[in-house]
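Report on one structure; see the data block that follows.
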Amino acid sequence: MDNKNTLIIAHRGASGYLPEHTLEAKAYAHALGSHYIEQDLVATRDDELVVLHDIYLDQVTNVAKVFPNRHRDDGRYYVRDFTLKEIKRLSVWERRKPGGTEAVFPRRFPTGVGKFQIATLEEEIKLIQGLNAASGRVVGIYPEIKRPAWHRSEGFDITLLTLDVLSGLGYTQRDDPIYLQCFDLAENKRIRKELGSQLKLVQLIAENTWAESDTDYERLKTESGLQAIAQIVDGVGPWLGQLTKLDGHGSGRTSTGFVRSAHDAGLLVHPYTFRADQLAPGFETFEQMVRWFVRHLHVDGLFTDFPDKALRALQNDVV
Ligand code: CA
């Protein structure tokens with residue numbers, strides 16, 4: 001497969017270099033040559049869409065300091081309990097381990113340092129569109145609707161607002177530079193069938209143990225499962241462990257056959273997550289890992305925290 005066709009998707013922006021989902025991380029992702037930039041979407045108390053990975057605020061902001069009494073009984077601070085105005089008062093920092101001050105990825109941007117804010121979906125898209133205009137290069141968006149069933153249980157239809165905001169900013173057609181992604185198969189079906197969206201859709205694939213949604217991912221991963229969802233979505237987003245396994249000798253990787261089954265069903269495959277500081281077992285270097293998935297498994301795109309390194313791995317690949 002031609003490397004030029006391998007989509008480099010900046011996972012939460014250039015999150016290997018700047019705190020995830022900040023506008024700074026998105027601007028840097030654009031500058032580094034990413035083809036698409038990812039947005040995770042969560043709703044505030046006053047029904048605004050903000051770009052944030054978790055439905056919680058506590059691992060990536062100083063919310064516990066600014067609003068010490070606003071957690072729920074489980075001790076977590078929920079985005080849904082704060083207005084946009086309140087959320088704008090928070091400082092974003094490099095992701096920390098739960099309940100402490102230790103960074104999840106210690107060799108990245110120092111945690112607790114810098115002046116970063118949470119952005120709305122509209123703010124982020126306007127930034128990307130502005131950079132597209134200024135650079136003459138069309139970088140696409142890759143929004144993910146987070147936990148639609150949970151948002152519904154909180155009294156809010158996050159999908160309707162997402163489609164409305166996207167439509168207002170020019171993303172309505174199949175050929176528009178956007179992939180819309182969700183872990184919840186029922187919601188993808190609804191988006192395609194009931195709401196009639198023409199946008200390219202991607203079904204994310206988790207493990208059933210992660211409790212991401214009611215979707216049965218074991219069933220989804222089978223050949224017949226993939227054939228069935230190809231009637232609804234354009235592609236799938238599996239995690240790396242679903243595509244490969246260590247070979248019998250424990251010294252290298254072998255394919256699980258997933259990519260071939262998905263391609264046979266007519267689905268694109270955009271796996272997550274390629275991290276230079278967290279290699280999948282069996283790989284010596286990031287470049288080797290990227291090339292193996294592209295050259296050997298023929299994935300169509302990849303989510304990475306390090307878009308520049310992924311692009312360089314493929315550009316230097318003269319095989
Ligand atoms: Ca995501």
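For segment 88-98, give me each residue that is within 15 Å of residue 23 (Cα to Cα) and either surrounded by 17 or more Cβ atoms within 10 Å (Cβ to Cβ) or of a type in the set (S, T, N, Q) (or both).
Taking segment 88-98 as the starting set, the residues that turn out to be within 15 Å of residue 23 (Cα to Cα) are 88, 90-94.
90, 91, 92, 93, 94, listed by residue number.
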request  = Scan segment 24-77 for residues that are small (Gly, Ala, Ser) and part of a strand (DSSP E or B) and jot them down.
outcome  = 43
Those residues of segment 2-18 which are buried (at least 24 other Cβ atoms within 10 Å of the Cβ) and either under 27 Å from residue 85 (Cα atoms) or free of Cβ contacts under 8 Å to residues at least 24 places away in the same chain (or both), in sequence order = 11, 12, 13, 14, 15
task = Give the residues of segment 26-38 that are surrounded by 24 or more Cβ atoms within 10 Å (Cβ to Cβ) and not hydroxyl-bearing (Ser, Thr, Tyr), sorted by residue number.
result = 26, 29, 37, 38
message = residue 277 - would you say it is away from the ligand (no atom under 16 Å from the Cβ) and outside any helix (DSSP H, G or I)?
response = yes
query = Can you name every residue in segment 208-251 that is free of Cβ contacts under 8 Å to residues at least 40 places away in the same chain, in a strand (DSSP E or B) and out of contact with any Leu (no Cβ under 6 Å at 6 or more places or on another chain)?
reply = 239, 245, 246
ask   = Can you find a residue in segment 136-146 that is in a loop (DSSP other than H, G, I, E, B) and β-branched (Val, Ile, Thr)?
value = yes
key: Matching residues, segment 146-191, being among the basic types (Lys, Arg) and away from the ligand (no atom under 16 Å from the Cβ)   = 152, 174, 189, 190
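Read-outs: derived from the displayed coordinates by stated rules, not from any lab. Quick caveat, the model's predicted, so the values are computed rather than measured. Neighbour counts run over all protein chains shown; Cβ positions are idealised from the backbone, glycine included.
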